[in-house]
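The values are calculated or read from the model by the stated rules, or taken from the named source; none is laboratory data. On a predicted model such as this, the values are computed, not experimentally measured, just so you know. Positions of Cβ are backbone-derived with ideal geometry, glycine not excepted, and every protein chain shown enters the neighbour counts.
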Amino acid sequence: MNKIGTMNPHLVWLFALGATLLGLASGYVTQNAGTAISSAVYFGIFSVSAFGAMALTRAKALAGVGAFTIAALLSGGAYYFIVAAATAEAAGALGAGGEGVGAMGAVMGGFVAVVVTLGTFIAGITGVVAGNKFRTKALEGGPIGATA
């Protein structure tokens, strides 16, 4: 049964939300595997989800870009709060106190949020473009690897 390009176009939003939730969960699952592996799994989830969203649904590329842009912003925001809280807690455990702890947490959280948002955006858009191209080729009946 061929499912390429047959699903409702609005399901692209469900793929993006699922990628966000799975991406956050992957951080906990791979926390002892090292940062390179953890990052690769996280961004792989977004790329594969975006590819699947575009290949399996009838969504336009702009809808995929919008959905995965929102997902990138949500992921960046979630990581901001996680890192800001962890930094403040660690600084407090080391004996630091006052407003400086909160400011340090905000700076570190902001830095991580920007990196995560940009990386997630790039992974999502790459998956959207590749999935859209794959769906187009598959529905035309041409060879998948061929270029126009």
Handout entry: Residue check, I70 among the β-branched types (V, I, T), part of a helix (DSSP H, G or I), over 15 Å from the mean Cα position of the chain (by Cα) and surrounded by fewer than 19 Cβ atoms within 10 Å (Cβ to Cβ)
Key = no
Practice task
Can you confirm whether region 51-73 contains a residue that is under 17 Å from I125 (Cβ atoms) and aromatic (F, W, Y)?
Solution key: yes
Problem - Conditions (1) closer than 25 Å to N2 by Cβ; (2) of a type in the set (S, T, N, Q); (3) modelled with pLDDT under 95; number of the one not met by S38 - result: (1)
Fill in the blank from the handout: Result of the Cβ filter at 7 Å on region 37-52, keeping first residues that are surrounded by fewer than 22 Cβ atoms within 10 Å (Cβ to Cβ) and partners that are not in a helix (DSSP H, G or I) and not basic (K, R), at least 6 apart or interchain, is I37/T30; S38/T30; S38/Q31; V41/T30
